[in-house]
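Okay, structure first, notes after.
The values are calculated or read from the model by the stated rules, or taken from the named source; none is laboratory data. Predicted model only: the values in this text are computed from it and were never measured. Note that we place each Cβ from the backbone using ideal geometry, even for glycine, and neighbour counts take in every protein chain shown. Heavy atoms of the whole protein, side chains included, go into the accessibility calculation; ligands, DNA and RNA do not. Shrake-Rupley method; radii C 1.70, N 1.55, O 1.52, S 1.80 Å.
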Amino acid sequence: MPAFYDTHAHLDYDEFKPDFAEVLARAQSAGISKIIAIATDFKSSRRALALAEAHEMIHAAVGWHPGNAHEAPADIRPDLRELARHPKAVAIGECGLDYYRLPSSRGGTADEDAHYQRKQAEIFQQQLEVAVELGLNCIIHQRSSFDDIFVQIQPFAKQTQGVFHCFGESAGRLQQILDLGWLVSFTGIVTFKNGQNIRDAVAATPLDKFMLETDCPYLAPVPFRGKRCEPAYVKEISETLAQVKGCSLQELSEATCRTAHQFFRKLG
Ligand SMILES: [Zn+2]
């Protein structure tokens, strides 16, 4: 059975508490041999590292999600450095900018929007700096913020590498990312009936420029759409991706695992 990795899983979320051992066992029987547990703040980073310490197949990304930016201390760098030096911390993230639900969409003012966006940009900047300092790559969260992210990563683009996770943007934006030498990753959306734009993006992405992810507990692929997602479902995602790329599962496995080892260097 070809092996695949789930490069973006929120394994530290409460959704996985009741049956965590079964979730890992199902992943292993589906051929998912490594999982990157993604953090959203420092508490979540510590939980992800604890899972990585307890389970050989799990590694962690440590960082601060832009959606939680308002809760971040002024300077996240000192704690982040310490977390990122853990032997099983393989990336910084998820980090980035998220303009999808600004304060004004919930009755806030334009000033509040500006303040929130500034705070997101500050902690994103700090994470890019730590990534460069420690020689780690970044998991990028982008929502309705592509142009600003693209400006902000320019000075770092040759010193660190990022993966735009849950990629769902246009062909033009895909090309901008690839031209930078950065990567994308695809979730279960690629299996959705209305996911043709994502399948087009997959078709346009060279086999060695993307990775697989679930973003679980969200975005379960067909036929589990709407249910809790889990790493085992990378299998369904891989089947659709192989079909779209016109390659075998074995070729897809070899290419995407090789890319993951190059990107997450501490994976070994
Ligand atoms: Zn995520």
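What strands (runs of 3 or more DSSP E), lying completely within region 14-104, carry at least 1 residues that are within 20 Å of residue 141 (Cβ to Cβ) and away from the ligand (no atom under 16 Å from the Cβ)? Spell out how you get there, then give the answer.
Details: elements: 32-38, 58-62, 89-98.
Where strands (runs of 3 or more DSSP E) fall fully within region 14-104 and carry at least 1 residues being within 20 Å of residue 141 (Cβ to Cβ) and away from the ligand (no atom under 16 Å from the Cβ), they are 89-98.
For (1) closer than 28 Å to residue 59 by Cα; (2) open to solvent by 50 Å² or more (accessible area, probe 1.4 Å); (3) in contact with a Lys or Arg (Cβ under 7 Å, 6 or more places away or on another chain), each residue gets a yes or a no:
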site: 131; (1), (2), (3): yes, no, no
site: 146; (1), (2), (3): yes, no, yes
site: 171; (1), (2), (3): no, yes, no
site: 178; (1), (2), (3): yes, no, yes
### Query
Taking the condition open to solvent by less than 20 Å² (accessible area, probe 1.4 Å) and of a type in the set (Asp, Glu), does residue 41 pass?
no
### Query
Looking at (1) assigned to a helix (DSSP H, G or I); (2) more than 16 Å from the ligand (Cβ to nearest atom), which is the only condition residue 108 fails?
(1)
### Task
Using the structure shown, decide if residue 58 is out of contact with any strand residue (DSSP E or B) (no Cβ under 9 Å at 6 or more places or on another chain) and open to solvent by less than 20 Å² (accessible area, probe 1.4 Å).
no
#### Entry: The one condition in (1) more than 16 Å from the ligand (Cβ to nearest atom); (2) touching a residue at least 40 places away in the same chain (Cβ under 8 Å); (3) open to solvent by less than 70 Å² (accessible area, probe 1.4 Å); (4) in contact with a strand residue (DSSP E or B) (Cβ under 6 Å, 6 or more places away or on another chain) that residue 152 fails to fulfil
(4)
### Message
I need the full set of residues from region 210-227 which are open to solvent by less than 70 Å² (accessible area, probe 1.4 Å) and either farther than 11 Å from residue 190 by Cα or under 19 Å from the mean Cα position of the chain (by Cα) (or both), in order please.
### Response
210, 211, 212, 213, 214, 215, 216, 217, 219, 220, 221, 224
## Note on the structure
Looking across region 6-23 at residues that are aliphatic (A, V, I, L, M) and touching a residue at least 24 places away in the same chain (Cβ under 8 Å), the single one that is surrounded by the fewest Cβ atoms within 10 Å (Cβ to Cβ) is 23
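Conditions (1) under 25 Å from residue 84 (Cα atoms); (2) away from the ligand (no atom under 16 Å from the Cβ); (3) among the charged types (D, E, K, R), marked per residue:
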| site | (1), (2), (3) |
| --- | --- |
| 116 | no, yes, no |
| 122 | yes, yes, yes |
| 130 | yes, yes, no |
| 137 | yes, no, no |
| 143 | yes, no, yes |
| 175 | no, yes, no |
### Task
Name the residue, out of 205, 191, that is closer than 19 Å to residue 32 by Cα and open to solvent by less than 40 Å² (accessible area, probe 1.4 Å).
191
### Summary
Subset of region 236-268, residues open to solvent by 30 Å² or more (accessible area, probe 1.4 Å) and of a type in the set (A, V, I, L, M), comes to 244, 249
#### Entry: Answer from 47, 26, 77 - the residue that is touching a Pro at 6+ places or on another chain (Cβ under 9 Å) and open to solvent by 60 Å² or more (accessible area, probe 1.4 Å)
26
## Note on the structure
Checked against (1) in contact with a Pro (Cβ under 6 Å, 6 or more places away or on another chain); (2) open to solvent by less than 20 Å² (accessible area, probe 1.4 Å), residue 116 satisfies every condition except (2)
